[in-house]
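Notes follow once the structure below has been shown.
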Amino acid sequence: MERRIAMVAASLVSGVVAGAAVLSPALAGEMKPDEAKRFIANKLFSYNCFDGSTGAGRIHADGSVVGTMEASGRTRYFSLPAGTIKLTADSICASLPRAIIQPCFNVVQTSPHSFRGSLRGLSFAYCDFERRNPRVDLAQHETSLQPVQSAVALRPSRYGD
């Protein structure tokens, strides 16, 4: 299971980094690492991967990653420390615990609000990402809630307050 979390974390990292492509002047193609960092830091993205796993996550400016992953009917929370995401002048890579390699990523914009992140050299291993706005999501869920009957009855005060 730890290996699967590392794989999804790597996919999450690639996809979130890919989100930077949404604001790219070229509107398509791979982004430079510094452009990606400016766009993705502290933003929430949901994802769906080629292997059927899904979830949501956020990469912080310090390179730490937090999120959820659902696979095989189980939802897991993961948190990776500062420095997990490493940027150089020409690459975006992840330093994952117990990983044999340091995966690097290709990111490609697929629409104004979505992108695909894949492992460099393994384009079949990808996740599709969509930027989420938790405030909008919360507001949409609140409008679908039904009123609840209260067991408490309010009565006028006897003291005229």
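Scan region 83-110 for residues that are among the small types (Gly, Ala, Ser) and on the phi < 0 side of the Ramachandran plot and jot them down. If the condition is that a residue be among the small types (Gly, Ala, Ser) and on the phi < 0 side of the Ramachandran plot, then Ala89, Ser91, Ala94, Ser95, Ala99 are the ones that fit.
Among the residues of region 102-116, those that are modelled with pLDDT under 85 and either open to solvent by less than 70 Å² (accessible area, probe 1.4 Å) or of a type in the set (A, V, I, L, M, F, W, C) (or both) comprise Asn106, Val107, Val108, Gln109, Ser111, Ser114, Phe115.
Quick one: in region 19-43, of everything that is in a helix (DSSP H, G or I) and at pLDDT 75 or above, which residue is surrounded by the most Cβ atoms within 10 Å (Cβ to Cβ)?
Going residue by residue through region 19-43, those that are in a helix (DSSP H, G or I) are 19-23, 33-40.
Restricting the remaining residues to those that are at pLDDT 75 or above gives 33-34, 37, 40.
On the way: Pro33: 19, Asp34: 12, Lys37: 18, Ile40: 29.
That would be Ile40.
From the set of residues in region 54-75 that are touching an Asp or Glu at 6+ places or on another chain (Cβ under 9 Å) and at pLDDT 95 or above, which is least open to solvent (accessible area, probe 1.4 Å)? Selected residue: Gly55.
Within region 80-101, which residues are at pLDDT 90 or above, open to solvent by less than 70 Å² (accessible area, probe 1.4 Å) and out of contact with any strand residue (DSSP E or B) (no Cβ under 8 Å at 6 or more places or on another chain)? Passing the criteria: Ala82, Gly83.
Go through region 79-119 residue by residue and tally those that are among the hydroxyl-bearing types (Ser, Thr, Tyr) and more than 15 Å from the chain's Cα centre (by Cα). Can you show your working first?
Keep residues of region 79-119 that are among the hydroxyl-bearing types (Ser, Thr, Tyr), which gives 79, 84, 88, 91, 95, 110-111, 114, 118.
Add one more test, that the residue is more than 15 Å from the chain's Cα centre (by Cα), and what stays is 88, 91, 95, 110-111.
So the answer is 5.
Scoring Lys86 on the criteria (1) under 17 Å from Ala36 (Cα atoms); (2) touching a residue at least 40 places away in the same chain (Cβ under 8 Å); (3) charged (D, E, K, R) leaves a single failure, condition (2). Screening region 105-122 for residues that are among the β-branched types (Val, Ile, Thr) and touching a residue at least 24 places away in the same chain (Cβ under 8 Å) and picking the one that is nearest to Ile85 (Cα to Cα) gives Val107.
Please verify whether Asp128 is open to solvent by 60 Å² or more (accessible area, probe 1.4 Å) and at pLDDT 75 or above, treating the condition exactly as stated. In short, no. Count of region 63-88 residues, restricted to those that are closer than 22 Å to Ser46 by Cβ and out of contact with any helix residue (DSSP H, G or I) (no Cβ under 7 Å at 6 or more places or on another chain), is 12.
Might you check whether a residue that is open to solvent by less than 80 Å² (accessible area, probe 1.4 Å), farther than 20 Å from Lys37 by Cβ, at pLDDT 85 or above and within 22 Å of the chain's Cα centre (by Cα) occurs anywhere in region 135-142?
Start the filter on region 135-142 by keeping residues that are open to solvent by less than 80 Å² (accessible area, probe 1.4 Å), which leaves 136-137, 139.
If we keep only those that are farther than 20 Å from Lys37 by Cβ as well, we get 136-137, 139.
Subset that is at pLDDT 85 or above: none.
The answer is no, given that none of the residues of region 135-142 is open to solvent by less than 80 Å² (accessible area, probe 1.4 Å), farther than 20 Å from Lys37 by Cβ, at pLDDT 85 or above and within 22 Å of the chain's Cα centre (by Cα).
In region 44-74, the qualifying residues are those that are outside any strand (DSSP E or B) and of a type in the set (A, V, I, L, M, F, W, C), and the one that is farthest from the chain's Cα centre (by Cα) is Phe50.
The values are calculated or read from the model by the stated rules, or taken from the named source; none is laboratory data. All values derive from a computational prediction rather than experimental measurement. Here Cβ is always computed from backbone atoms with ideal geometry, including for glycine, and neighbour counts include all displayed protein chains. Just the protein is used for accessible areas: all its heavy atoms, side chains included, with ligands, DNA and RNA removed. Shrake-Rupley method; radii C 1.70, N 1.55, O 1.52, S 1.80 Å.
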